[in-house]
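Have a look at the structure below, then the notes.
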Amino acid sequence: MSTQAVAVHIENLHKRFGSVVALDDFSLDIAPAELVALLGPSGCGKTTALRIVAGLERPTAGQILLDGNDIVNLPANKRNMGMVFQAYSLFPAMTSEENVAYGLRVRGVKADVRRKKAHELLELVGLGEQFKRLPSQLSGGQQQRVALARALAIEPSVLLLDEPLSALDAKVRTQLRDEIKRIQVEVGTTTIFVTHDQEEAMAIADRVGIMSAGKLEQCASPAEVYINPINVSVAKFVGAMNSVPGRLTGAGQAEVLGQSVSVRGAAKDSNNARVLLRPEQLTLSHSSGNSVSTATVTSLAFLGPLTRVSVRTNADQAAMFVALPSADATAFSVGTQVDIKVTATQALVE
């Protein structure tokens, strides 16, 4: 099964709820068959943006173009959008087959055609044997698969996913996340995925849009957002980050932990800057006794393949943490004196 993928162009969307600004000049281009995840904390505007694209909210200003056609004044039922919510929203008295076929029935599709389509989609989402079961007879993950199949049944121009996995436990969430990506690639539907879960966004999206206070701060590949965040706000929001005391020593250079690092950004006080370093941009070795970056291990947290080693520098008592392969971390324990080495080729400064 495949659909004719469309491009989405969102331009200068604004949305106010009274005095509250929910969206502030929000613009985004989505290529045909692309999956873009909107990521941000609660209240950042990501769900409002999704609801405006769906036609469930009207923008205060702005345009939404679907393959070049402005749909901002079209009612929701004329936009051909498929939507999956956090709550599964299945009809409790309908079987899986009937739930999936419902949109087709509303559109007047013949019974044998919609039955065939429903079976194909239930097979696609891994529920080929569950087509006669009621929602109450399915697990949460299975119900969400039915909801996804139902959204795809109408061959939507755009698939909209609003926190679809947040009600599921961790293992099921990971499995279904991978399934959604597989299905989206196979079907080829242009997709917007809203989530507050960073790992989820990074794993599933072609591009991740970071939102804050109604604005789209950056939209780029997961690797680009993580490795080259556009500003301090994005850097601190995506992934773990250490804010380490440093000193600007020249154009694009800072001294941190006794080492020189290329930096982007500006600091109010060049002698009291903060350099942002990922935990994996630091390494530890047993102290040589003559390093300016000597620290004391304060705790270790085993996280499977990685161990989070917390340290505090002896010189200025700056706290930070380092991500080490767990096999390497066994060389250290609480109280161990270590030297910290910065491995970053470039960092942000504030």
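The values are calculated or read from the model by the stated rules, or taken from the named source; none is laboratory data. Computed from a prediction, not measured in an experiment: that's the story for all the values here. Neighbour counts are summed over all protein chains in view; Cβ atoms, including those assigned to glycine, are modelled from backbone coordinates with ideal geometry.
For this structure, a couple of remarks:
- Checked against (1) buried (at least 18 other Cβ atoms within 10 Å of the Cβ); (2) part of a helix (DSSP H, G or I), TYR226 passes all but a single condition, namely (1).
- Per-region count, region 199-221, residues in contact with a Cys (Cβ under 6 Å, 6 or more places away or on another chain) and farther than 20 Å from GLU11 by Cα: 0
- Exactly one residue among ALA167, ALA151, ALA147 is modelled with pLDDT under 95, outside the structural domain of PRO279 (by TED's automatic domain parsing) and touching a helix residue (DSSP H, G or I) at 6+ places or on another chain (Cβ under 7 Å), and that residue is ALA167.
- Residue satisfying condition, being crowded, with 21+ Cβ neighbours inside 10 Å, under 22 Å from the mean Cα position of the chain (by Cα), under 20 Å from ALA203 (Cα atoms) and aliphatic (A, V, I, L, M), within set LEU159, LEU152, LEU168: LEU159
- Among the residues listed as ASP67, ASP29, the single one being assigned by TED's automatic domain parsing to the domain that holds PRO156, in contact (Cβ under 8 Å) with a residue 24 or more places away in the chain and of a type in the set (Asp, Glu): ASP67
- Taking region 281-306 as the range and being of a type outside the set (Gly, Ala, Ser), part of a loop (DSSP other than H, G, I, E, B) and within 25 Å of the chain's Cα centre (by Cα) as the test, only PRO305 passes.
- Being within 13 Å of GLN86 (Cα to Cα) and either touching a Leu at 6+ places or on another chain (Cβ under 6 Å) or touching a residue at least 40 places away in the same chain (Cβ under 8 Å) (or both) is a property that holds for GLN144.
- Helices (runs of 4 or more DSSP H) within region 139-221 that include 1 or more residues over 30 Å from ARG114 (Cα atoms): 170-187, 198-204
- Scanning region 128-138 for residues that are part of a loop (DSSP other than H, G, I, E, B) and at pLDDT 90 or above, we see that the one that is surrounded by the most Cβ atoms within 10 Å (Cβ to Cβ) is LEU138.
- In region 55-77, the residues that are out of contact with any Asp or Glu (no Cβ under 9 Å at 6 or more places or on another chain) and closer than 13 Å to VAL158 by Cβ: GLY55, LEU66, ASP67, ASN69, ILE71, LEU74, ALA76
- In the set ILE210, ILE183, only one residue is at pLDDT below 95 and buried (at least 18 other Cβ atoms within 10 Å of the Cβ); that residue is ILE183.
- Only one entry in LEU74, LEU38, LEU124 is surrounded by fewer than 20 Cβ atoms within 10 Å (Cβ to Cβ), assigned by TED's automatic domain parsing to the domain that holds MET211 and in contact with a Gly (Cβ under 7 Å, 6 or more places away or on another chain), namely LEU74.
- Some residue of region 96-112 being in a helix (DSSP H, G or I), of a type in the set (Phe, Trp, Tyr) and closer than 21 Å to ALA153 by Cβ: yes
- THR296 vs. criteria surrounded by fewer than 17 Cβ atoms within 10 Å (Cβ to Cβ), more than 29 Å from PHE237 (Cβ to Cβ), assigned by TED's automatic domain parsing to the domain that holds LEU257 and at pLDDT 95 or above: yes
- The requirement of being within 25 Å of GLY141 (Cα to Cα), in a helix (DSSP H, G or I) and touching a residue at least 24 places away in the same chain (Cβ under 8 Å) is not satisfied by LYS236.
- Selected residue (criterion: nearest to GLU179 (Cα to Cα)) from residues of region 111-121 that are surrounded by 14 or more Cβ atoms within 10 Å (Cβ to Cβ) and in contact with a helix residue (DSSP H, G or I) (Cβ under 8 Å, 6 or more places away or on another chain): LEU121
- ALA347 at pLDDT below 95, closer than 16 Å to PRO245 by Cβ, among the small types (Gly, Ala, Ser) and crowded, with 17+ Cβ neighbours inside 10 Å: yes
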